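The values are calculated or read from the model by the stated rules, or taken from the named source; none is laboratory data. Just so it is clear, the structure is predicted and the values come from calculations on it, not from any experiment. Methodologically, a virtual Cβ is constructed for each residue, glycine included, from the backbone with ideal geometry; neighbour enumeration extends over all protein chains shown.
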Amino acid sequence: MVVLSRIYTKTGDDGTTALGDGRRVRKDAARIEAFGTVDELNSVLGLALCAGPDGDGATLLKSIQNDLFDLGADLCVPEVRRRGLSARASGRPPLRITEEQTRRLERAIDRINAPLGVLRSFVLPGGTPASAWLHLARTVCRRAERRVIALARREKVNRQAVVYLNRLSDLLFVMARRANDGGRADVLWVPGRGAGND
């Protein structure tokens with residue numbers, strides 16, 4: 001249970017913040033960059049929701065937003081328990097992203113992609129507002145994935161965190177296509193057009 005009665009604590013005024021295991025680290029540490037980018041992604045999904053995604057898109061995005069809080073909690077508590085620090089004050093094991101959460105994304109990708117037309121060009125971000133926001137979310141998701149991979153080079157990270165983000169970017173891509181009239185209104189890349197070859 002989370003209880004937030006006070007918004008500012010002043011404990012971060014020295015440029016540090018607390019991880020879920022109680023350890024304090026610099027705010028620009030790789031772990032903070034990783035779950036901070038996941039938080040940014042969640043905010044972009046909020047904007048995508050405001051744009052009114054079609055079909056079951058709103059329900060799906062809300063579910064993903066909840067997953068992203070799970071992912072943030074996962075990244076906030078390092079996998080290796082450090083001496084003298086408890087993993088959780090409550091005694092419960094840390095929350096971790098699971099394979100089932102990734103499988104749920106895969107089922108959604110297959111269902112949403114099935115009726116879409118075959119792509120014969122890369123897609124430019126744009127079309128409807130919902131599609132544009134979903135494309136932005138996709139790119140922030142890829143950045144979050146890169147941040148988690150960079151963290152995993154230095155510290156132990158739940159492998160499913162990377163897998164989930166990789167699959168989520170694919171899901172956001174097909175959702176963006178669906179938001180463009182099932183892909184019929186996709187804005188397609190035309191190689192060389194910017195060089196005056198149109």
- Meets criteria (out of contact with any Cys (no Cβ under 8 Å at 6 or more places or on another chain), β-branched (Val, Ile, Thr) and modelled with pLDDT under 95) for Val38: no
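Check Ala179, Ala150 and return the single one that is small (Gly, Ala, Ser) and surrounded by fewer than 21 Cβ atoms within 10 Å (Cβ to Cβ). If you could, list the steps in order and put the result at the bottom.
On the way: Ala179 fails: surrounded by fewer than 21 Cβ atoms within 10 Å (Cβ to Cβ).
That would be Ala150, the only listed residue that is small (Gly, Ala, Ser) and surrounded by fewer than 21 Cβ atoms within 10 Å (Cβ to Cβ).
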- Restricting attention to region 56-112, and to residues there that are surrounded by fewer than 16 Cβ atoms within 10 Å (Cβ to Cβ), of a type in the set (Lys, Arg) and modelled with pLDDT of 95 or more, which single residue is nearest to Gly46 (Cα to Cα)? Lys62
- Of the residues in region 29-49, how many are free of Cβ contacts under 8 Å to residues at least 12 places away in the same chain and over 13 Å from the mean Cα position of the chain (by Cα)? 1
